[in-house]
There are 4 protein chains.
Amino acid sequence: MSGATRIELSRLNSAEPAEFMAGLGDLYEHAPWVARAAMARRPFASLDALQESMKSVVQRASPDERVALIRGHPELAVRAAENAKLSDDSQKEQASAGLDHLSSEDLARFQQLNAAYRQKFDMPFIICVRRHTKDSILRQFERRLQNTRAAEIEAALDEIFRIVALRLDQRIAAPDRLSVHGHLSTHVLDIHSGHPAEGMTIELLELAENGSGQPIVKDVTNRDGRTSEPLIAGRPLPIGRYELRFHVAAYFARLEARQSNPAFLDIVPVRFAIAEPEGVYHVPLLVTPWSYSTYRGS
Amino acid sequence: MSGATRIELSRLNSAEPAEFMAGLGDLYEHAPWVARAAMARRPFASLDALQESMKSVVQRASPDERVALIRGHPELAVRAAENAKLSDDSQKEQASAGLDHLSSEDLARFQQLNAAYRQKFDMPFIICVRRHTKDSILRQFERRLQNTRAAEIEAALDEIFRIVALRLDQRIAAPDRLSVHGHLSTHVLDIHSGHPAEGMTIELLELAENGSGQPIVKDVTNRDGRTSEPLIAGRPLPIGRYELRFHVAAYFARLEARQSNPAFLDIVPVRFAIAEPEGVYHVPLLVTPWSYSTYRGS
Amino acid sequence: MSGATRIELSRLNSAEPAEFMAGLGDLYEHAPWVARAAMARRPFASLDALQESMKSVVQRASPDERVALIRGHPELAVRAAENAKLSDDSQKEQASAGLDHLSSEDLARFQQLNAAYRQKFDMPFIICVRRHTKDSILRQFERRLQNTRAAEIEAALDEIFRIVALRLDQRIAAPDRLSVHGHLSTHVLDIHSGHPAEGMTIELLELAENGSGQPIVKDVTNRDGRTSEPLIAGRPLPIGRYELRFHVAAYFARLEARQSNPAFLDIVPVRFAIAEPEGVYHVPLLVTPWSYSTYRGS
Amino acid sequence: MSGATRIELSRLNSAEPAEFMAGLGDLYEHAPWVARAAMARRPFASLDALQESMKSVVQRASPDERVALIRGHPELAVRAAENAKLSDDSQKEQASAGLDHLSSEDLARFQQLNAAYRQKFDMPFIICVRRHTKDSILRQFERRLQNTRAAEIEAALDEIFRIVALRLDQRIAAPDRLSVHGHLSTHVLDIHSGHPAEGMTIELLELAENGSGQPIVKDVTNRDGRTSEPLIAGRPLPIGRYELRFHVAAYFARLEARQSNPAFLDIVPVRFAIAEPEGVYHVPLLVTPWSYSTYRGS
């Protein structure tokens, strides 16, 4: 995912304190004390052990320290001028859900929610943005505003652990991997001809609340009826609604299969939601010029 | 279809000439001579015999008479002021495809095509509007502009015979019916529970070239998983593209079937084209919370 | 079903006692007193009212009378010599499940069960044979042998009411019909070509416990992809397991669709069970040379 | 496949003549001259190059030598006494299609065909047995008896090349593999619950002409809805008809899904043919308690 080279876990295990802190000190936003305390517990047998170790540092910290950790995070969807002040990681994370170029209407909505949240809880709203779309963030925001403060502190820490797990996955190389990635793929089987559909154009769009679609991937199926790469992989699947578009009429026209004019099926839309960012979603199409089936596969 | 009572064919067979001409004189637009010639061939055993008789009057007419018949028809999509001058039948027919309230952009396109057609062929463009949508009329219009004049005269007469068949079907009651109607229906089978899906909201939209949808029907399935009436029946099916929308998540929520949050399938869109206005189109859905199939059924 | 003409309910309502008793006296096996008591409650507005009336006569009879009614019924699957002594209705009913020509092994099993049942309950085992296959009768027989005597008297009377409902349906014509019939049908849709499969051979077999099949119907699909008549209708569907066989390869060979050699699909078997004798079972096939789907439809 | 260790191709390339001939001399049945001529063309860059080299030795041999090569092969399905005289490879190959324990009826049929073939062509009938079932061998036997002698010599040599390719694959280890293996697998997706069906019993049977089934594999699906190993792999798929049996009712009973009694679907049979021994056959099932789909997947 990241262009930067990952540091080997084994190297971190034997690194000088300065090198260790250079690598992990900013993992928890504005809270180098977490990495510092974890450093004393080296060596770590796995990425998972490293993560659990830092997590327990936070869990054993005092209530005030935990709230301070939360307060060290920026608000979501801030204005461009303030955006420049965010940490590098935070900037990229917010960009992943498009929070860096919102419409003025959406920006106003975020500002209003940010203000209401700070007024009620006296801290910023925290969510692991990479697991969401803009719409699912807004839904969570409104839902969580109904919580008690105690519940929100728990929720915020859980989201921070998710943010950190993704950062760890990008920075550290280790034999084990953390379970932070999902997988979305498709497959087209031409059951008219009895073989995978080769050369069919496929598009993936993310759907906004209002039904409009944002293109994510456009590809053409290979000999095995699959796209050259998974539609989404190596990152959490943003919670949200999607549409796959299968260019069926053009495919069967090239095969010279009998179709009506206009073709009964042309571009077939399949709409579905992703609810588990770390899940495996396989959404195939079984198709003839006159029928199709789709399902959540595996 | 029509609120007016149909005249019995048997009554027409024995009617005085004045009554016969009152019933059928304007069937062929501004061409009472067709009905008058056919009147002499009574009695007609069936609607089909009546239609064939009038058709042969036209086919045996001189070339000049046939062109005059064509020229007796109005242009499509004329301005409101001229619209009022159309025959009753023509007004209703043009309204059936929305030609009476076009956007100014569409109106300009029609006027440009009308002018080009009249310039090339010296007669109005004729098409059986009830068998088309606005978009399919425009496609035909552009395609037929490429024809020779001889081919266009044939095409125009064929369309006139289709217009007349539909008018006959609405005016005359007879034991036989002309094959002028199509049939579009759907059916939802809940293969999660093993019975028809009762109480599922279904919408039918007509899709414009640009993908936007015009609502036609909204209904809720009955105990048999069907809509209370066919989606379209008793008229030709306009050639064009359509979208059915099945409200799947709300249906399974009411049954308390396990679904993810958000539901994997919510409103399922099924897009298809109608190519045969007199065809039977059955487009059912077999559905679970995690899969669906659709096909051109019968 | 029956070749005999049905008597009109209205006629029975005004018939002389002798005629009424001639029509219904033997409806309850060897128990003309039921019809006689019901006769006094005439007129009956519907078949349903007539049936309910006779049922309440039985329900208000004394315990001894009810047991006597049960004892008036023959045992199942008696030897040929005794078979001749059965009432006409009983003979036909037993034949409907093949109890009149059992293998010697099956006959022995019935005799053993009959003896055990009589020993335990001092009455014959009663079941509405037309709703069952031989195998499902044997399963019920063994299960009901575990009952208490009180439960068995109730069970036997329920079965008698079912037997009587079927006899009423065959003898009496009335505007309403009793819900005593089921319906089994199929339909083949060729989703390779996009139309109903015409000319496909279909077989229906009833499956015995050991998996062997007894042919019931063999037919060829018509233009609409259906058999000329429902596979079973106008009678209860015998509870049991069935197999439909669709001759797919021969059908697609005639259409000259590309198939492998040997064809991937040849005769497609679909096995299913009927659990509700009065149910509607529609078991269609959606098929290409390389795929098929089936489901309980409606 | 074989318990014996494979020889490395690189080792053969540098082996002494005696070792080379010990490894490959009997590859072509009773024709060490083929290996001997190929030996001079070493080294071979790949298994494929080795096979092509020996093939060209045969193709350049004289007509008499080629017929002698064919005559060096045994007849199919010989009696037990003669069976002991076959080469090891031939014994195992014939056993793979059950030719070593035929019914007396089948044995008589083979003997009659062997005699007719020898009478017409003066050589034994040769077929690559591992690519066939007994039934498909008999069909080929009868078909090929209609050939001319020239066509049969070509057919016999093609079959010998297939036999040799399989033997090479079992004896020699090399980076490349010859395309001599097929792959048969299944997968069960529970589209009632939206996940792979875990714990469903699956059986694979080979079907004889008369419809009876010979068990090949019985397994239970794992968490991914697959069998622990492919149903057939690492060998050619014998041409023939097969039946998969999916124990659907037991699976859904364990999940406590609503089913009728008896269950609408119990053991679901899926019958299909394999026509390409080196093909990839994936035959999945998408299933609910009330429906299923199957298809040739990939």
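One Cα centroid belongs to the range B:164-242, the other to the range D:168-192; the line between them spans 49 Å. In a reduced charge model with +1 at each Lys and Arg Cβ and -1 at each Asp and Glu Cβ, the protein assembly as shown shows a dipole moment near 0 debye about its Cα centre. Once you sort the root eigenvalues of the Cα gyration tensor of the range C:66-178 as a ≥ b ≥ c, which label holds: rounded (a/c under 1.5), prolate (a/b larger than b/c) or oblate (the other case)? It comes out oblate by the Cα gyration axes.
Across the options C:Leu166, C:Asn83, C:Tyr117, the greatest Cα extent toward the positive end of the charge dipole of the range C:53-167 (unit charges at beta carbon of Lys, Arg, Asp, Glu) belongs to C:Leu166. With label points set 7 Å from Cα along Cα→Cβ, the inter-copy distances at C:Ala233 are 1.8, 5.0, 5.3 nm, sorted shortest first. Label-point spacing at B:Thr5 relative to the other copies reads 3.9, 9.5, 10.3 nm, in ascending order, each point sitting 7 Å out from Cα along Cα→Cβ. In chain D, the beta-carbon sitting nearest the axis that superposes D on A belongs to the residue given here with its distance in angstrom, D:Ser293, 3.
In chain D, the DSSP-assigned H stretches of four residues or longer account for a calculated mean residue ellipticity at 222 nm of -12000 deg cm²/dmol, using -39500 (n - 2.57) per stretch and the full residue count as denominator. The trypsin sites (Lys or Arg not before Pro) of the range B:236-298 meeting both criteria, a DSSP state outside H, G, I, E and B (loop) and at most 15 other C-beta atoms within 10 angstrom of the site's C-beta, are B:Arg258. Pairwise alpha-carbon distances in the protein assembly as shown exceed 59 Å for 37% of all pairs. Cross-linked pairs C:Lys134/D:Lys134; B:Lys55/B:Lys218; D:Lys85/D:Lys134; B:Lys85/B:Lys218: Cα-Cα separations exceed 30 Å for C:Lys134/D:Lys134; B:Lys55/B:Lys218; B:Lys85/B:Lys218.
Per-residue Cβ neighbour counts within 10 Å put A:Arg171, C:Arg118 in the sequence C:Arg118, A:Arg171, beginning with the fewest. The dipole here belongs to the range D:40-106: it is taken about the Cα centre, uses +1 on the Cβ of Lys and Arg and -1 on the Cβ of Asp and Glu, and is about 460 debye. The mean number of Cβ atoms from other chains found within 10 Å of a Cβ in peptide B:270-277 is 5, as a whole number.
Oblate is the label for the range C:162-250. Its Cα gyration tensor axes, ordered a ≥ b ≥ c, give a/c of at least 1.5 and b/c at or above a/b. The mean number of Cβ atoms from other chains found within 10 Å of a Cβ in peptide A:193-201 is 3, as a whole number. Look at the dipole of the range B:1-122 built from charges on Cβ: of B:Ile7, B:Pro63, B:Met39, the Cα furthest out on the positive end belongs to B:Pro63.
Loop-located trypsin sites (Lys or Arg not before Pro) in the range D:1-56 (DSSP state other than H, G, I, E, B) with a sparse environment of at most 16 neighbouring Cβ atoms within 10 Å: D:Arg6, D:Arg41.
From least to most packed, judged by other beta carbons within 10 angstrom and beginning with the fewest, D:Val180, B:Val188, C:Val280 follow the order C:Val280, D:Val180, B:Val188. Counted by Cβ distance under 12 Å from B:Ala37, the other residues give a net charge of +4, where Lys and Arg count +1 and Asp and Glu count -1. Tilt of helix A:149-171 relative to the longest C-alpha principal axis of chain A, in degrees (0 to 90, nearest 10)? The helix A:149-171 is inclined about 70 degrees to chain A.
Of the GluC sites (Glu not before Pro) found in the range C:220-298, those in coil by DSSP whose Cβ has at most 15 other Cβ atoms within 10 Å are C:Glu256, C:Glu278.
For B:Leu255, inter-copy separations between label points set 7 Å beyond Cα along the Cβ vector come to 1.3, 2.9, 3.1 nm, shortest first.
Rounded to the nearest 10 degrees, the angle from helix C:47-60 to the longest Cα principal axis of chain C is 50 degrees. In terms of its alpha-carbon gyration tensor, the range C:238-298 comes out prolate; a/c meets the 1.5 threshold, and the first ratio a/b outweighs b/c. Helix B:134-144 and the longest principal axis of the Cα set of chain B meet at an angle near 50°. Taking the square roots of five times each eigenvalue of the Cα gyration tensor of chain D, the equivalent ellipsoid has semi-axes of 42, 24, 15 Å, listed largest first. Dipole magnitude for chain D: computed about the Cα centre from +1 point charges on Lys and Arg Cβ and -1 point charges on Asp and Glu Cβ, it is near 280 debye.
With θ taken as phi - 60° and the Karplus curve 6.51 cos²θ - 1.76 cosθ + 1.60 applied, the whole-hertz 3J(HN,Hα) list for the range B:275-286 is 10, 10, x, 9, x, 9, 10, 10, 10, x, 10, 9 Hz, x standing for glycine and proline. Rounded to the nearest Å, what's the spacing between the alpha carbon centres of the range B:134-155 and the range D:127-144? Just the number, please. The two parts, judged by their Cα centres, are 60 Å apart. Across peptide B:135-147, the mean count of Cβ atoms from other chains lying within 10 Å of each residue's own Cβ comes to 0.
Every number here is computed from the coordinates shown, using simple stated rules; none is lab data. Remember, it's a predicted structure, so these values are computed and weren't measured experimentally. Backbone-built Cβ (ideal geometry, glycine too); neighbour counts: all protein chains shown.
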